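**Q** I have a structure here, written as structure tokens, and I will follow up with some questions on it.
The values are calculated or read from the model by the stated rules, or taken from the named source; none is laboratory data. As the structure is a prediction and not an experimental result, all values here were calculated from the model. Here the Cβ positions follow ideal geometry from the backbone for every residue, glycine too, while neighbour counts run over all protein chains shown.
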Amino acid sequence: MPLYAFIQREAGDHRRGRILATVGLLDSLAGLAGGNLFVLTAADRFLDVSPSKQFLLLAGLTLADCFTRCAIRRSTRSAWCCAD
């Protein structure tokens, strides 16, 4: 929830509705992608991936996401992420 409060505060009155709608859509798409990734890795009939490999795969994807977000924040000079 703090992220949504931050987005609402920073959006400005004239753009708030569009930005919140976009955040909701991206949130739904991320949930859909995460669910599909779980189905692909957890279902024995598709990939036959062991639980330890599932964990490593999802941990790697999470780290990649964190590094990508920090790189974007650094390029936009935002002070709240990856402060020097």
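**Q** Residues to consider are Arg16, Arg45; find the one that is modelled with pLDDT under 75 and basic (Lys, Arg).
**A** It is Arg45.
**Q** Here is a further query. Scanning for something surrounded by 10 or more Cβ atoms within 10 Å (Cβ to Cβ), among the small types (Gly, Ala, Ser) and at pLDDT below 80, does segment 54-70 turn up at least one residue?
**A** There is no residue in segment 54-70 that is surrounded by 10 or more Cβ atoms within 10 Å (Cβ to Cβ), among the small types (Gly, Ala, Ser) and at pLDDT below 80.
**Q** With the structure loaded, tell me whether Gly31 is farther than 30 Å from Leu56 by Cβ and either in the same structural domain as Arg69 (by TED's automatic domain parsing) or loosely packed, with under 11 Cβ neighbours inside 10 Å (or both) or whether it fails that test.
**A** So Gly31 does not fit the description; no.
**Q** Follow-up. Can you tell me which condition Thr22 does not meet? The list is (1) modelled with pLDDT under 80; (2) farther than 20 Å from Thr62 by Cβ; (3) among the hydroxyl-bearing types (Ser, Thr, Tyr), and all the others hold.
**A** All conditions are met except number (1).
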